[in-house]
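Heads up, the thing below is written out as structure tokens.
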Amino acid sequence: MKKWLMVMLVLMMSVPILSACWNQKELTDLAFVMALGIDRGEDDLYHVSFQLVNPGNVSAGQGGGGGQGLPIAVYKSKGRTITEAARNATKKVSRRLYYAHTNLVVVSEEVARDRTLMLNLLDAFARDPEFRTTTEIVVARDSSAEEIVTTLTILDKLPVTKITKEIKFTEAMKGENMSVSIDDIIDGIVGNGKEPILNGYSLIGEKEKANQAVNLQKTTTDALLAADGLAVFKDGALIDWIESRKSRGVIWILDKAKSTDITLKWKGKKNALSVVPIRSKTKVSSAFKQGRPVINVKIENEGWVSEANTAIDLMDPKTIGKIEKLTEKAIKKEIQSTVKEAQRLKCDIFGFGDVVHKANPNVWRKLKGDWNNYFADIEVNVKVDSYVRREGVRTNPFWSDMNK
């Protein structure tokens, strides 16, 4: 009896150790899905493109790099649902599709404009325990999602890396795009007082050569991927676009602006000065006039003169003061233009409703049912304080004294 008890005790103590390997997966049995492209076909089915990494052709060794083949392979499948399309893909791929490393989801404009299609696919991603909802999501503009995920790129071997890194650095250096995850768009759809936005991506050039190896054998490609505006969503569906020249105002208001370039006119000369912000802080608050909310946007900006293409005395404090005022005026004009565009669309992409809600929940309860219509006429005051902290490694332009 004691012997039997000892055997049972040993088995019970072994269970926690053995359980760690109950769901093990061999690497050689997995196909790592790096990106997904989702289109809608004429057959009314989801057409899904799976961008799979080919590890042997991506890793660079010491003696000549990886393999000679293409770094990715793209398999296409279709189905009535995302799940069905994914299961159907297993008939074409010799390995199990693995989504834990998926970094990008691309949806076509047609899919994005259909509320039901968007909500269904977002539910599929958010429900799958293997899929990370921190994955970047973008809208294919003037291109299909398949074209985006099959395009080969030069500098980054994996196209998905090109897109995700480009969004990151564009946000940091240009201020016209911002990283948006699946979590972000779901929060925007289900939340009150703010509608979501997504980055647009286009395929520029000769599309038929984008997925060919010849596109990797030139210093200048025949086709390339580029960020292209912001997609505005309302009630879970794409309704319109904010073009790149106005999208920067969105980033300013959302306090996501890290750096950009502001071009100024000086004494009648266009493109005379360039000012680059180095620090920026946006504060959005709500006041009330006769029971009606008013939005106040205050921006504090610090920058430096990165370019001076005119005769100017940058050692003169009065000159610096004038540059600061011109910068404030330029930023304010840009933000006001963006606000008017969003009000035209009757879509609060800035989260002004959430600001009103926090400032006065009682007023918000009365307005939230028809907030976007109210947002279209709300008073928005913009105040910008800008400071020039330095003029670069030199002061006045070197050529300004050439003819003296």
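Of note:
- Here the stretch 130-155 is the region considered, the condition is being of a type in the set (A, V, I, L, M) and either in a loop (DSSP other than H, G, I, E, B) or under 19 Å from residue 75 (Cβ atoms) (or both), and the residue that is most open to solvent (accessible area, probe 1.4 Å) is 155.
- Selection from the stretch 166-186 of residues that are among the hydroxyl-bearing types (Ser, Thr, Tyr) and assigned to a loop (DSSP other than H, G, I, E, B): 179
- Test result for residue 270, open to solvent by 20 Å² or more (accessible area, probe 1.4 Å), more than 26 Å from residue 146 (Cα to Cα) and either β-branched (Val, Ile, Thr) or in a loop (DSSP other than H, G, I, E, B) (or both): no
- Pairs with Cβ under 9 Å, 6+ apart, first in the stretch 365-376 and touching a residue at least 24 places away in the same chain (Cβ under 8 Å), second among the polar types (S, T, N, Q): 368/192; 371/192; 375/343; 376/343
- Answer from 10, 15, 58, 74 - the residue that is among the hydrophobic types (A, V, I, L, M, F, W, C) and either modelled with pLDDT of 75 or more or touching a Leu at 6+ places or on another chain (Cβ under 6 Å) (or both): 74
- If you go through the stretch 168-189 and keep only what is aliphatic (A, V, I, L, M) and modelled with pLDDT under 90, you end up with 172, 173.
- For the stretch 295-354, the set of residues classified as touching a Leu at 6+ places or on another chain (Cβ under 9 Å) and closer than 27 Å to residue 236 by Cβ consists of 349, 350, 351, 353, listed by residue number.
- A single member of 280, 337, 274 is farther than 30 Å from residue 196 by Cα and among the hydroxyl-bearing types (Ser, Thr, Tyr), and it is 274.
The values are calculated or read from the model by the stated rules, or taken from the named source; none is laboratory data. Every value quoted in this text rests on a predicted model; they were computed, and no experiment measured them. Note that we place each Cβ from the backbone using ideal geometry, even for glycine, and neighbour counts take in every protein chain shown. Accessible surface areas use protein heavy atoms only, side chains included; no ligands, DNA or RNA. Shrake-Rupley method; radii C 1.70, N 1.55, O 1.52, S 1.80 Å.
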